[in-house]
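Enquirer: The structure under discussion is supplied below as structure tokens; questions concerning it will follow.
The values are calculated or read from the model by the stated rules, or taken from the named source; none is laboratory data. This one's a predicted model, so the numbers in the text were calculated from it and none came from an experiment. Positions of Cβ are backbone-derived with ideal geometry, glycine not excepted, and every protein chain shown enters the neighbour counts.
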Amino acid sequence: MEIIASDREVGVRVRAEVDKASDEVLAFAGKPAVEETCPTDAEADRETQLRALERGVRVRSLLRHSARFHLPSVGLMETLTRAGGEFRTIGEVVQPSWVIDRRLCLVRIAPHVSEAEGNGAGGGAPRGTAVVFHHRAVVDYFASLFQSAWDRGVRFDPDRVQEPEVSDRTKVSILWLLATGVKDEVIAQRLGMSVRSCRRHIASLMASLGTDSRFQAGAEAQRRGLLG
């Protein structure tokens, strides 16, 4: 197991490993692509993936549904999809991670730690931002998590960017979380949307189900078999 000390080093390491890939790259993205990436790093990520696709590497990426409504992310997905990459989106936030050729898995554990912080500046202990696993059982575990989420995901089609199915699945995710009693702020965080947008969705769902409370909405959805 390795610890990567800074956010910048994570991007460098991921690109280096993708450049060495010969079979497949599986990527869980915690936020819409390039949402919080500087232009230079975003360009480097794109070029790295294009090189991998040119070598015949299968590159599959999972993002949140919100990436479909984030123009820089849509542009990146369109470019890579037309080059042979595959994208699907899911409703909930996932832990950013990459599985490369089933030989290693890199998992982000603490976002956005500066170089100085990561190196323990000021006498503190080093703060890792990602962990690299090489043990086959651990790598296979993360690969299986990816496949399970991939099977549930909605395929990104560059010719049909905003699919109604995405909205429907987001509503189901909200209802399921309401049924478990999760607060609005937590739902918004897990689904990658603002609290205002989340509450607007909840109000609409409550009205359509004829309920007066958030919990009743979740319970009614469960009673009607809407949660699967």
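The rows are residues; the columns are (1) acidic (Asp, Glu); (2) touching a Gly at 6+ places or on another chain (Cβ under 6 Å); (3) within 24 Å of Ser194 (Cα to Cα); (4) without any contact (Cβ under 8 Å) to a residue 40 or more places away in the chain.
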{"site": "Gln49", "(1), (2), (3), (4)": "no, no, no, yes"}
{"site": "Gly56", "(1), (2), (3), (4)": "no, no, no, yes"}
{"site": "Arg60", "(1), (2), (3), (4)": "no, no, no, no"}
{"site": "Arg82", "(1), (2), (3), (4)": "no, no, no, no"}
{"site": "Asp101", "(1), (2), (3), (4)": "yes, no, no, no"}
{"site": "Val107", "(1), (2), (3), (4)": "no, no, no, yes"}
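Enquirer: Within segment 198-214, track down each residue that is surrounded by 14 or more Cβ atoms within 10 Å (Cβ to Cβ) and part of a helix (DSSP H, G or I).
Expert: Cys198, Arg199, His201, Ile202, Leu205, Met206, Leu209, Arg214
Enquirer: To continue, here is another question. Among the residues of segment 123-130, is there at least one that is at pLDDT below 95, assigned to a helix (DSSP H, G or I) and not assigned by TED's automatic domain parsing to the domain that holds Ser204?
Expert: Taking segment 123-130 as the starting set, the residues that turn out to be at pLDDT below 95 are 123-130.
Filter again for assigned to a helix (DSSP H, G or I), leaving 123.
Cutting the leftovers down to not assigned by TED's automatic domain parsing to the domain that holds Ser204 gives us 123.
There is at least one residue in segment 123-130 that is at pLDDT below 95, assigned to a helix (DSSP H, G or I) and not assigned by TED's automatic domain parsing to the domain that holds Ser204.
Enquirer: Here is a follow-up. Against the definition (part of a helix (DSSP H, G or I), at pLDDT 70 or above and among the polar types (S, T, N, Q)), how does Thr81 come out, yes or no?
Expert: So Thr81 fits the description; yes.
Enquirer: Before we move on, is Arg64 touching a strand residue (DSSP E or B) at 6+ places or on another chain (Cβ under 9 Å), at pLDDT 85 or above, charged (D, E, K, R) and surrounded by 17 or more Cβ atoms within 10 Å (Cβ to Cβ)? Show your work before the answer.
Expert: Details: touching a strand residue (DSSP E or B) at 6+ places or on another chain (Cβ under 9 Å): yes; at pLDDT 85 or above: no; charged (D, E, K, R): yes; surrounded by 17 or more Cβ atoms within 10 Å (Cβ to Cβ): yes.
Spelling it out, it is not the case that Arg64 is touching a strand residue (DSSP E or B) at 6+ places or on another chain (Cβ under 9 Å), at pLDDT 85 or above, charged (D, E, K, R) and surrounded by 17 or more Cβ atoms within 10 Å (Cβ to Cβ).
Enquirer: Under the condition of being out of contact with any helix residue (DSSP H, G or I) (no Cβ under 6 Å at 6 or more places or on another chain) and not in a helix (DSSP H, G or I), which residue from segment 182-192 is surrounded by the fewest Cβ atoms within 10 Å (Cβ to Cβ)?
Expert: Lys183
So that you can scan it fast, the table gives a plain yes or no per residue for (1) over 21 Å from His70 (Cβ atoms); (2) over 15 Å from the mean Cα position of the chain (by Cα); (3) charged (D, E, K, R); (4) at pLDDT below 85:
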site: Leu106; (1), (2), (3), (4): yes, no, no, no
site: Val132; (1), (2), (3), (4): yes, yes, no, no
site: Phe156; (1), (2), (3), (4): no, no, no, no
site: Gly192; (1), (2), (3), (4): no, no, no, yes
